[in-house]
Structures are given as structure tokens and as C-alpha cells.
Amino acid sequence: MRNEKIAVFPVDEDFLSLPDNQNIELGKECYKISYYITLAGWNVDGVERQLHTLDEFDFKNISTLVLINSFRKLEDDVIQRIVNVAARNEIKIVCARDDWDVNYEVLKKACKEGIVEIEIVCDEIAFVDSKVINNIDIPIITISGIGPYVGKFQVGLYLRSSFENAGYKVLYISSRREGKLFGTYIFPEYMYNKNLDFTAKVFEFNGYVNDLIRKEKPDIVIIGVPGEIMELSEKHRMNFGILASVVFNAIKPDVSILNMYNMRYTDEFLEEQKKYCKYRFGVIPDLFYATYTGVIDSSLQEAWIQYFHADKLFDDLLEKHKIFSESDVKYDLLFKQIMGILEEYGSLEVM
């Protein structure tokens, strides 16, 4: 464990919900997070972590600032302020964000002009132009989502921990660049290349997973599916489920989890989700999970989606289906359900 002073920004409920969020990996070294910085107007309640606001924090106390994901919008002027502060205090910036709030070219240019050292967290593994679909014979769990910020990354981290505690070796491929901070593999950058066609991405991702399995020799694979499986509104069409379609054409999961927002659910709605996934991706969700984060409906017609955070699920109308919650994940109830499915199909040897 290195003693270098590290701060993370901008902290909101998204980062605070991650397990073991007091440590991160940079390169191959593990660091304890010294400071958690947020924006004063966000009114984030750090129950377990002391939070500092951007305006009052003394940046002379740190040597590295890590930019992390947040479900609140990060304005352009905030990024420029961060670069200016880093320049004045000779702070290195590590950017692990993967949303649309940060223009990486603008960020790099600002850092170059301010003589600020910057590192963009990514996986630049070479494109090998694979033409083979490999048969993968170990269990694969996929975690997909109907929209952004539905807890795919959090669920994956908790499941990885649960399987490891049960004696299994886990290969976790995260949908977020932030995954590298928590010791996971992430999607190669070529998967986001708009000039690379759909078929090439399918072959390439299958080969990528197969190569990692040969290298790591895991008992089980967890894959966080990037992007969203559907549009949320005419204003927010997301990526039309293209990346999800690539993943589900490249691999076939043994257990498929669909993550959703916190909203008023009915059995009919969940059945419709099953049908949609079956005919759109060739995969039927085995399990449903809902984060405590919900979408403010009126914002779906605005330029930026806004979210709220509740402390319970609105699942009282369900009679046939079960939706797993954040507390279910923390207390291994989702893990036990997955183990039951894998044991039923003989996909995993019981430890």
C-alpha cells in the first residue's frame, strides 16, 4: 500500500455506493484514498467518508487527483478549474471517467497548456482482426442495463467479492474505465471506435474474452455490458443498444442480469423486458436488479437526464417476479440465486 496523497473527484452517491471505495489501483500499485472531493451544490451526504468541497479544499495536500464517474453533470468550467488548480500545485491528473461530460481532447489541450501531467485510463490493446468465434466453456454472467447509472459496476464488484469469498477465481471485465481503479479488466478502446464495423467488434471481443480466460484461468467470468439496451426517450436515444448487441453476439451468458432504475414496477413490465431482450439480443434476463437511483421523468425531454436517489424500491405491485436491491447484493442474496441457477444447469462445480 503506497502512502502517496490521492484525492478523488467528483464524489457523489455513485462512487460512495462502491464496495471498498477507500482504496484504488493506479498502475500496479494500490493506494489509500486520502481525500474525497465533491461540489458544494450537489449536497452529497458522506455518511462513511469525510467529504471536502472543491471550493474549500487545499490542493497543496495532494500529489494526484483522480477524476471519477458521477451521475450528476460535470460542467466544462469545473474541468478547467481543476486543470488550473493542478497547474498551480504541480498535481498529476488521472482521468477514469467515461461519460460524455468530459471532452478528452479539450482536457488534454488544457493540461498541455498548463504543463499538467495527465493520464487517461483506458485499455489500448492491439486490434488483431480475429475471424473466429471461440466456444467458451466456463460460466459467464452478464450485467446489462436499461440506461446509464443503474449499478452495473457496483453489482459486478459485489459479485466478484462473493465468488472469491466462496473460493472461486473470477475474471471481471467492467463496462467502465473506472474498473481499472478496482483491479478489473475493461473493454478495449477499439470497441468504442465508430469506424470499426459491427461484425469486426463481435469477432474481436470474443477473441479478447477467450484470450483473457486462457491467461487468467478463471472459474467464472463476469462481464459488465457497456452502454444501454434501449433508448430512454426521443431526446435520449443513447447508443441504440449497439454495444450490448455486440457483446451478446460475441458471447452467450449462462446467467443474464438486467439492471433497472428505481420506478413503479409491474409483472407485465418485466415480462415485456424479457421479450424485448429475447428478440433484440437473443438473451432472456434470468434476474432483475434495481438500483435506488431513479430518473426524473421530466428531464427525459431536456438536454441532460437528471436523477434522484431513494432509500427503497417501489416493487410492491409485483406478484410473480423478484427484483433484487442493493441490500440484496450486499448480503449475498443475488449471489445465492446465481449459484442456484449455475448448479441447476451444472455450469459450475460447487466448492
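The values are calculated or read from the model by the stated rules, or taken from the named source; none is laboratory data. Note that this is a predicted model, so its numbers are computed, not measured. Using ideal geometry, Cβ is built from the backbone for each residue, glycine included, and neighbour counts are taken over all protein chains shown. Ligands, DNA and RNA are excluded from the accessible area calculation, which covers all protein heavy atoms including side chains. Shrake-Rupley method; radii C 1.70, N 1.55, O 1.52, S 1.80 Å.
Scan the range 177-222 residue by residue and report those that are open to solvent by 30 Å² or more (accessible area, probe 1.4 Å), outside any helix (DSSP H, G or I) and within 13 Å of Val121 (Cβ to Cβ).
Gly183, Tyr185
Looking at the range 149-170, is at least one residue on the phi < 0 side of the Ramachandran plot, small (Gly, Ala, Ser) and at pLDDT below 95?
Checked against the condition, which is being on the phi < 0 side of the Ramachandran plot, small (Gly, Ala, Ser) and at pLDDT below 95, the range 149-170 yields no hits at all.
Answer yes if at least one residue in the range 224-245 is touching a residue at least 40 places away in the same chain (Cβ under 8 Å), touching an Asp or Glu at 6+ places or on another chain (Cβ under 6 Å) and open to solvent by 10 Å² or more (accessible area, probe 1.4 Å), and no otherwise.
yes
Of the conditions (1) surrounded by fewer than 17 Cβ atoms within 10 Å (Cβ to Cβ); (2) under 26 Å from the mean Cα position of the chain (by Cα), Val121 fails just one. Which one is it?
(1)
From the list Val128, Val106, Val116, exactly one residue is among the hydrophobic types (A, V, I, L, M, F, W, C), open to solvent by 10 Å² or more (accessible area, probe 1.4 Å) and touching a Gly at 6+ places or on another chain (Cβ under 7 Å). Which is it?
Matching residue, one of Val128, Val106, Val116: Val128.
Specify which of the listed residues (Ile257, Ile296, Ile284) is surrounded by fewer than 19 Cβ atoms within 10 Å (Cβ to Cβ) and within 21 Å of Pro139 (Cβ to Cβ).
Matching residue, one of Ile257, Ile296, Ile284: Ile284.
Is there a residue in the range 104-118 that is charged (D, E, K, R) and either assigned to a loop (DSSP other than H, G, I, E, B) or within 26 Å of Ala250 (Cβ to Cβ) (or both)?
Looking through the range 104-118, at least one residue is charged (D, E, K, R) and either assigned to a loop (DSSP other than H, G, I, E, B) or within 26 Å of Ala250 (Cβ to Cβ) (or both).
Residues that are open to solvent by 70 Å² or more (accessible area, probe 1.4 Å) and out of contact with any Leu (no Cβ under 7 Å at 6 or more places or on another chain): list the strands (runs of 3 or more DSSP E) wholly contained in the range 2-92 that include at least 2 such residues.
Strands (runs of 3 or more DSSP E) meeting the threshold: 2-9, 29-38.
Can you tell me which residue is modelled with the lowest pLDDT among those in the range 277-298 that are within 29 Å of Leu342 (Cα to Cα) and assigned to a loop (DSSP other than H, G, I, E, B)?
Tyr292
For the range 60-83, which positions are at pLDDT below 90 and basic (Lys, Arg)?
Arg72, Lys73, Arg81
Evaluate the following for Tyr185: is it at pLDDT 95 or above and among the aromatic types (Phe, Trp, Tyr)?
Yes: the conditions hold for Tyr185.
Name the residue that is modelled with the highest pLDDT, counting only residues in the range 299-338 that are closer than 22 Å to Glu272 by Cα and open to solvent by 100 Å² or more (accessible area, probe 1.4 Å).
For the range 299-338, the residue satisfying everything is Lys322.
What pairs come out if I take residues in the range 133-149 that are over 19 Å from Gly346 (Cβ atoms) and open to solvent by 10 Å² or more (accessible area, probe 1.4 Å) and pair them with residues that are at pLDDT 95 or above and not aliphatic (A, V, I, L, M) whose C-beta lies under 7 Å away, six or more apart or interchain?
Ile133/Phe203; Ile133/Asn206; Asn134/Asn206; Asn134/Gly207; Asn134/Asn210
Does the range 84-93 contain at least one residue that is modelled with pLDDT under 85 and among the acidic types (Asp, Glu)?
no
With the requirement that a residue be farther than 16 Å from Arg81 by Cβ and among the polar types (S, T, N, Q), what does the range 11-56 give you?
Passing the criteria: Ser17, Asn21, Gln22, Asn23, Ser34, Asn43, Gln50.
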